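Inspection log for the structure reproduced underneath, given as structure tokens.
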2 protein chains.
Amino acid sequence: MRNIKLTVAYDGTDYHGWQIQPDLPTIQGLLVDVLSRITQEQVELNGAGRTDAGVHAWGQVANFHTASGLSPIDFARALNALLPPAIRVRSAAEVSPDFHARWSAKAKTYRYSIDRSQVPSPFRFRYALHHPYTLDFDAMSAAAKCFEGEHDFTTFAASTGSDEDDRERNVVRTINRSELIAGPAECEALEAAEAQLLSAQSYPGHGEWIYVVRGQSFLRNMVRRIVGTLLEVGRGRIQPTEIPALFELRDRSRSGPTAPAHGLCLVSVDYPGSEVFT
Amino acid sequence: MRNIKLTVAYDGTDYHGWQIQPDLPTIQGLLVDVLSRITQEQVELNGAGRTDAGVHAWGQVANFHTASGLSPIDFARALNALLPPAIRVRSAAEVSPDFHARWSAKAKTYRYSIDRSQVPSPFRFRYALHHPYTLDFDAMSAAAKCFEGEHDFTTFAASTGSDEDDRERNVVRTINRSELIAGPAECEALEAAEAQLLSAQSYPGHGEWIYVVRGQSFLRNMVRRIVGTLLEVGRGRIQPTEIPALFELRDRSRSGPTAPAHGLCLVSVDYPGSEVFT
């Protein structure tokens, strides 16, 4: 059996999230359906992150095992020919047998877009939270930095439902980067995958603020609850200096509300380089 | 009666074009419906350009007469509160009684986006024609320049249907600018309205070519037939040097095919400055 890794971009607007569900259109469901038609096998597809309904992806990663002799590039072409235009396989590669999109992942990067323009662009309403009201950028930026490092994220976990990663009840997570970005100057400092996404979606700094967060794994709804908390900081209802105390409280009712799904995008998933053949 | 001018942006994907049609969702139809609810009057709305089904706009202009005492900014706010997010009123102003969005227009600027990347972005498929195959940029660029000036555009008119402007059967049009653009360097030379649009939609030069055309008025389907012809030039089926002869032929069957609607966007409409009060 060969192991094929796919990098997938999608507009999540019209889908009920990544995870396969009976009788509902999901990204995983459509991919599995098309892969099964191509291979005539019962395909099991592992995704790196279970994005919620309405969440987008530029660099979701998934893998599946197959006896098919199709080359990775032919898999990508066949998938793109049969999938709707809102789901695109950006690349495909054959990887070592033990590569697993979720368990092998070293880090995931998400971004959350906030459209700050008075009148939101009709070309951006699917991809950015429109928030034209007063927000304190500096306070939000300082608060964002407080999420970096190793923390117990209970306060910022979903009130119900399981861990995004289905891992044990460990609620300690390590965030490598947590940053609010505005303006084209800061944009130049972005890493390659993000820059690619930004160019594919929009040019930031023209009315949009981008929150970028990178970590090994995330609790369910964690990024959207961090963003909801940052918005409360922007409104002056929470001070940046209160963030450490919020971690201490371990109380889900004390974070900001969960920010809407459509502003969120899974930008990229990193793996140890050696695990990829091609 | 007051005369109100609106500048409107829309994602045309889900609409049957600008012009009002019974039982079909159109941009003009939705605007008239909401304006009639706001004013309790039978509102007649004049649009500058009758964009086809699937065509987008960043700077469509429309005007209507009303006895309502609402301020322009309140009209904009009420409209945006009641319209779907795919249609946004970017600004509103009170103008002189004789201002007419179509007849007063001095020039219209359209752009047509061609996504040249191998795998099209799922965030751009609604707004750009995906064309990953070999195209001769220099030949297309030279051919684009041939459309500038005053010409008989019979060869590039729709085979059926009336003039976009409903003007008399005069098929002579004057194009002030006709240019193919690729890359961020050229982008900096764009005019303000276009730059604003580009930033709202995407950053050009990262896989997209943009055709920009500006003229006083256009025949029905004219821009899309010019683009279809430029694509034939890019494929080597028509030489740039043949364009003048195509004008001479005055034969609709000799142009390239009509390029798909979704790549087209009405960027801006220009008026003599004195006609605008605010």
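Suppose we filter B:Ala93, B:Ala62 for residues that are over 18 Å from the mean Cα position of the chain (by Cα) and more than 13 Å from chain A (Cβ to nearest Cβ); which single one remains?
Every option except B:Ala93 fails the conditions.
Quick one: what pairs do we get from the stretch A:122-138, first residue away from chain B (no Cβ under 11 Å), second crowded, with 18+ Cβ neighbours inside 10 Å and part of a strand (DSSP E or B), C-beta under 6 Å, 6+ apart or different chains?
From residues that are away from chain B (no Cβ under 11 Å), the pairs are A:Leu129/A:Ile114; A:His131/A:Ile114.
Test each condition in (1) touching a strand residue (DSSP E or B) at 6+ places or on another chain (Cβ under 8 Å); (2) buried (at least 19 other Cβ atoms within 10 Å of the Cβ); (3) at pLDDT below 90 for A:Gly205 and report the one that comes out false.
Status for A:Gly205: all satisfied but (2).
Which condition breaks for A:Gly29 when tested against (1) crowded, with 20+ Cβ neighbours inside 10 Å; (2) under 27 Å from B:Asp115 (Cα atoms); (3) within 21 Å of the chain's Cα centre (by Cα)?
(2)
Only residues that are outside any loop (DSSP other than H, G, I, E, B) and of a type in the set (Val, Ile, Thr): list them for the stretch B:1-44, please.
Listed by number, the residues that qualify are B:Ile4, B:Thr7, B:Val8, B:Thr13, B:Ile27, B:Val32, B:Val34, B:Ile38, B:Thr39.
B:Ala78 versus (1) among the aliphatic types (A, V, I, L, M); (2) within 24 Å of B:Thr258 (Cα to Cα); (3) not in a strand (DSSP E or B): which is the lone unmet condition?
(2)
All but one of (1) touching a residue at least 24 places away in the same chain (Cβ under 8 Å); (2) farther than 30 Å from A:Met1 by Cα; (3) in a loop (DSSP other than H, G, I, E, B); (4) within 13 Å of chain B (Cβ to nearest Cβ) hold for A:Pro84; which doesn't?
Of (1) touching a residue at least 24 places away in the same chain (Cβ under 8 Å); (2) farther than 30 Å from A:Met1 by Cα; (3) in a loop (DSSP other than H, G, I, E, B); (4) within 13 Å of chain B (Cβ to nearest Cβ), only one is false for A:Pro84: (2).
Of the numbered conditions (1) within 8 Å of chain B (Cβ to nearest Cβ); (2) crowded, with 22+ Cβ neighbours inside 10 Å, A:Tyr112 satisfies every one except a single condition; which is it?
Every condition holds for A:Tyr112 apart from (1).
Between a residue in the stretch B:22-33 that is assigned by TED's automatic domain parsing to the domain that holds B:Ala62 and any residue that is surrounded by 13 or more Cβ atoms within 10 Å (Cβ to Cβ) and of a type in the set (Ser, Thr, Tyr), which pairs come within a Cβ distance under 9 Å, given they are 6 or more apart or on different chains?
B:Leu24/B:Tyr15; B:Pro25/B:Tyr15; B:Thr26/B:Tyr15; B:Ile27/B:Tyr10; B:Ile27/B:Tyr15; B:Ile27/B:Thr51; B:Gly29/B:Tyr15; B:Leu30/B:Tyr15
The values are calculated or read from the model by the stated rules, or taken from the named source; none is laboratory data. Worth saying up front: this structure is predicted, and the values here are computed from it rather than measured. Virtual Cβ from ideal backbone geometry, glycine too; neighbours counted across all protein chains shown.
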